[in-house]
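Here the structure is laid out as structure tokens; the discussion comes afterwards.
The values are calculated or read from the model by the stated rules, or taken from the named source; none is laboratory data. Here the structure is a predicted model, which is why all the values come from computation and not from measurement. Counting neighbours? That spans all protein chains shown, and the Cβs are built from the backbone with ideal geometry, glycine included.
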Amino acid sequence: MTLAVFFPSLMGVGIIISGALLISDWIRRLLPNRALKRQHNVIVGTYGAVADAVGAAGYHLKEPWFLRRGLRRRRTYFAVATVFTAGAFGAMEAGEAFHDDPLGVFFLSPWAVGIGYGTGAALLTVAAFALFLGLAYRSTPKSMMPLVSGTPFGEFILPSEADYNAALNTIEVGDTS
């Protein structure tokens, strides 16, 4: 009896995971961020090596603006907020459905509701932040910009040839300590 329940459920979980991987691969193809991330990492590494060499010589190299991430398009933030809000309410509804299902494993289990609402709260937090960025957009408070520049909420900014030349002119004489 146990095997008759275990193997089909194991196959069902495998199918769900396979579908989730297919969807994530499709999204990765739509968002060509890997090449940009690789180029950005090369730029950051180059800047770090040059800054160390210049620092060893007794000079200070200012950090150029393109080492941080910038704001994405406004509609991207609204799309993220919409998708994460739908996912949050779906997770909460699923937790309640598992709790109320008399034939399910989680019948009257507070864990089902807790996990559903906890997941929903986390997703709603991300959705609220994305909605705030979409509404505030260019007038985003400076206190929020480190979250944009250090998380996937920001977009990689690649410098142009003029930016490379401008970066060469930012060497300042100063104390390295």
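Before moving on, here are some points about what is shown:
- Restricting attention to region 73-88, the residues being loosely packed, with under 15 Cβ neighbours inside 10 Å and closer than 20 Å to Gly118 by Cβ number 2.
- Entry remark, region 124-162: residues being acidic (Asp, Glu) and modelled with pLDDT of 80 or more number 1 in total.
- Top-ranked residue of region 96-151 - restricted to ones that are hydroxyl-bearing (Ser, Thr, Tyr) and part of a helix (DSSP H, G or I), ranked as nearest to Asn41 (Cα to Cα): Ser149
- Residue within region 114-123 that is surrounded by 17 or more Cβ atoms within 10 Å (Cβ to Cβ), closer than 26 Å to Gly70 by Cβ, in contact with a helix residue (DSSP H, G or I) (Cβ under 9 Å, 6 or more places away or on another chain) and modelled with pLDDT of 90 or more present: yes
- Taking region 61-95 as the range and being in contact with a helix residue (DSSP H, G or I) (Cβ under 6 Å, 6 or more places away or on another chain) and over 30 Å from Ser160 (Cα atoms) as the test, the residues that pass are Ala81, Phe84, Thr85, Gly87, Ala88, Ala91, Met92, Ala94, Gly95.
- Restricting attention to region 89-113, the residues being in contact with a His (Cβ under 8 Å, 6 or more places away or on another chain) and surrounded by fewer than 13 Cβ atoms within 10 Å (Cβ to Cβ) number 3.
- Of residues in region 57-72 being exposed (fewer than 14 other Cβ atoms within 10 Å of the Cβ) and touching a residue at least 40 places away in the same chain (Cβ under 8 Å), the one farthest from Ala130 (Cα to Cα): Gly58
- Criterion violated by Asn165 - all others in (1) part of a helix (DSSP H, G or I); (2) under 18 Å from His40 (Cβ atoms); (3) at pLDDT below 80 satisfied: (2)
- Pair list, Cβ < 9 Å and 6+ apart or interchain, from region 131-155 residues that are free of Cβ contacts under 8 Å to residues at least 12 places away in the same chain to residues that are of a type in the set (Ser, Thr, Tyr): Leu135/Tyr77
- Within region 137-151, the set of residues being surrounded by 13 or more Cβ atoms within 10 Å (Cβ to Cβ) and either farther than 14 Å from Trp65 by Cβ or of a type in the set (Asp, Glu) (or both) comprises Tyr137, Thr140, Met144, Leu147.
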